[in-house]
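Peer 1: There's a structure below that I have some questions on.
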Amino acid sequence: MNDINLRRGRAAPGQRRTTLPAECTLPVPLPPARAQSWTDDQVARWAELWRGPSATLWDDACRGMVALLVELEALGVNVNAAQLTEVRRISETLLLTPGSLAAAGYGLEGWPA
């Protein structure tokens with residue numbers, strides 16, 4: 001991970017960051033009812049997202065956005081331009097990208113100060 005990517009966004013140079021734990025230890029919430037038709041890979045991705053560092057900042061209101069991200073990612077190469085834009089937007093909103101995480105004032109252990 002390079003320093004330039006971490007400094008993108010609204011973060012001011014020298015901004016103090018709150019370091020997040022490497023993994024969220026909160027219980028993984030149940031996926032929405034529509035997840036009954038999900039593949040095993042989608043269910044695994046749901047759990048993976050909720051165990052990631054950014055999930056420590058989420059609440060139940062994020063469940064729908066996380067579910068939509070799982071569904072859009074499952075389209076793989078069949079995603080269209082609008083869906084790809086939505087994946088990027090959701091990823092940034094949920095602070096899943098290094099730039100959005102740094103811009104919000106958060107970091108991970110080992111990131112440059």
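The values are calculated or read from the model by the stated rules, or taken from the named source; none is laboratory data. Source: prediction; values computed, not measured. Because the Cβ atoms are built from the backbone with ideal geometry, glycine has one as well, and the counts that use them run over all protein chains shown. Remember, those area values only see protein heavy atoms, side chains included, never the ligands or the DNA or RNA. Shrake-Rupley method; radii C 1.70, N 1.55, O 1.52, S 1.80 Å.
Peer 1: From the square roots a ≥ b ≥ c of the eigenvalues of the alpha-carbon gyration tensor of the stretch 8-107, which class results: rounded (a/c under 1.5), prolate (a/b over b/c), or oblate? Kindly include the intermediate steps, with their values, before the conclusion.
Peer 2: On the way: a/c = 2.63, a/b = 1.44, b/c = 1.83.
Oblate, because a/c is 1.5 or more while a/b does not exceed b/c.
Peer 1: Are there chymotrypsin sites (Phe, Trp or Tyr not before Pro) in the stretch 41-113 that DSSP marks as loop and that have at most 10 other Cβ atoms within 10 Å, and which are they? Mind dumping the intermediate values first?
Peer 2: On the way: sites: TRP46, TRP50, TRP58, TYR106; in loops: TRP58.
In loop regions of the stretch 41-113 (DSSP not H, G, I, E or B), there are no sparsely surrounded chymotrypsin sites (Phe, Trp or Tyr not before Pro).
Peer 1: Enter the accessible area of THR85 (Å², nearest 10), with the probe set to 1.4 Å and all protein chains included.
Peer 2: Probe radius 1.4 Å; accessible area of THR85 about 70 Å².
Peer 1: 7 Å from Cα along Cα→Cβ at both ASP41 and LEU72: what's the point-to-point distance in nm?
Peer 2: The modelled label-to-label distance comes out at 1.8 nm.
Peer 1: With the contact rule set at Cα under 8 Å and sequence spacing of 6 or more, what percent relative contact order holds for the chain?
Peer 2: Numbers: 116 pairs, mean separation 52.3, N = 113.
Answer for the chain is 46 percent.
Peer 1: Also, quick follow-up: For the chain, what is the accessible area per residue in Å², given a 1.4 Å probe and the full set of protein chains? Walk me through the numbers on the way to the answer.
Peer 2: On the way: 7160 Å² over 113 residues.
Per-residue value: 63 Å².
Peer 1: Extending each Cα 7 Å along its Cβ direction at GLU86 and MET65, get the distance between those two points in nm, one decimal.
Peer 2: 1.5 nm
Peer 1: Further question: Carbon-plus-sulfur fraction of the accessible area of the chain, 1.4 Å probe, in percent?
Peer 2: On the way: 3910 of 7160 Å².
Reported share for carbon and sulfur atoms: 55 percent.
Peer 1: Per-residue ellipticity at 222 nm for the chain, helices alone: DSSP H runs ≥ 4 residues times -39500 (n - 2.57), over residue total, nearest 500 deg cm²/dmol? Working shown, then result.
Peer 2: Values: 5 runs with 47 residues, N = 113.
After summing the helix terms and dividing by the residues of the chain, the value is -12000 deg cm²/dmol.
Peer 1: Right, here's the next one. For the stretch 27-74, what class follows from the C-alpha gyration tensor (a ≥ b ≥ c being the square roots of its eigenvalues): rounded when a/c is under 1.5, otherwise prolate if a/b is larger than b/c, else oblate? Intermediate results must be reported in sequence, preceding the final value.
Peer 2: Values: a/c = 1.73, a/b = 1.50, b/c = 1.16.
Because a/c hits 1.5 or more and a/b exceeds b/c, the stretch 27-74 counts as prolate.
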